[in-house]
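Right, one structure below, let's go through it.
The values are calculated or read from the model by the stated rules, or taken from the named source; none is laboratory data. These numbers were taken from a predicted model, which means no experiment stands behind them. Using ideal geometry, Cβ is built from the backbone for each residue, glycine included, and neighbour counts are taken over all protein chains shown.
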């Protein structure tokens with residue numbers, strides 16, 4: 001807008017100077033035109049020597065501060081770069097990241113600077129960043145010159161995480177009861193499975209000394225592997241409701257820290273993440289929720305979990321899921337505000 005107004009002023013000065021023949025107007029018009037020419041030459045040559053490389057994080061989270069770093073290198077031998085503005089013009093950046101910008105005051109010739117763009121993601125999703133723009137209004141301040149570097153990166157933006165009340169998580173964990181029987185294979189359970197010959201590296205505490213003395217061969221004890229507690233999160237994706245997605249992400253985040261094996265399924269896609277545990281598996285679930293889309297026209301599929309596992313069904317407000325497993329716990333998206341803990345920070 002400033003550049004347009006500046007140009008309009010120049011046109012009006014030119015018309016006034018020609019019509020009146022006033023030398024002062026010609027002088028002012030010359031100053032204005034000189035400023036435009038100098039601005040174009042200085043800022044244009046200054047920007048042409050810049051090289052930009054984006055250094056994005058792999059993942060961000062809605063509502064939590066993050067940053068994207070840019071390495072800007074000035075390859076010019078003599079030209080300095082002043083008053084630089086770095087922006088992401090891609091549609092995903094504006095929709096998911098809120099059109100962020102970063103600033104750098106000065107980059108000397110033959111040197112580089114790392115510019116940090118502080119961002120707070122606004123929506124979950126997968127942001128495809130395909131170009132970076134660097135602009136400057138130096139030296140006049142009214143006219144802006146821009147160069148664009150085409151570089152492609154992808155940033156996964158996880159749903160918002162809110163801490164869930166500990167009693168609610170305990171209730172869900174209680175439903176994920178361990179299977180009544182143990183798998184008949186070696187593991188780290190409590191019941192005896194069998195004996196095997198000692199191999200180098202086995203813990204000394206596992207050696208069966210009496211049997212080893214009787215057979216004159218070192219043997220070690222093996223226990224059975226216990227089936228872990230499993231909780232399926234079944235999300236009704238036939239209706240768009242971000243609170244339901246946030247609730248699913250929060251349950252997965254907190255449940256994974258309580259030794260639960262968490263799986264994720266949706267009404268129209270079935271099981272999309274098999275049950276598992278640990279930080280890496282939690283990231284898989286959050287990645288799946290980040291890219292989840294709603295399809296109101298897709299039919300809900302009958303879905304049943306295998307084995308004795310618990311299931312929590314998350315609906316949009318007022319929604320129902322007729323094909324939910326028997327005995328599943330049903331929660332509407334509005335339950336997010338009821339189950340949220342007092343603190344607003346998630347580790």
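Of the numbered conditions (1) surrounded by fewer than 18 Cβ atoms within 10 Å (Cβ to Cβ); (2) in the same structural domain as residue 147 (by TED's automatic domain parsing); (3) touching a strand residue (DSSP E or B) at 6+ places or on another chain (Cβ under 6 Å), residue 110 fails exactly one; give the number of that condition.
Answer for residue 110: the failing condition is (3).
When residues of the range 124-143 are filtered for being surrounded by fewer than 16 Cβ atoms within 10 Å (Cβ to Cβ) and over 19 Å from residue 92 (Cβ atoms), how many remain?
The total comes to 2.
Just give me the residues in the range 29-64 being surrounded by 16 or more Cβ atoms within 10 Å (Cβ to Cβ) and at pLDDT below 85, in sequence order.
Hits for the range 29-64 are 29, 32, 35, 36, 39, 42, 43.
Condition (residue is at pLDDT below 95 and surrounded by 15 or more Cβ atoms within 10 Å (Cβ to Cβ)) applied to the range 72-79: is it met by at least one residue?
yes
Suppose we filter the range 148-161 for residues that are touching a strand residue (DSSP E or B) at 6+ places or on another chain (Cβ under 6 Å) and surrounded by 18 or more Cβ atoms within 10 Å (Cβ to Cβ); how many remain?
4
Considering (1) modelled with pLDDT of 85 or more; (2) in contact with a strand residue (DSSP E or B) (Cβ under 9 Å, 6 or more places away or on another chain), say which one residue 246 fails and leave the rest.
Looking at each condition in turn, residue 246 falls short on (2).
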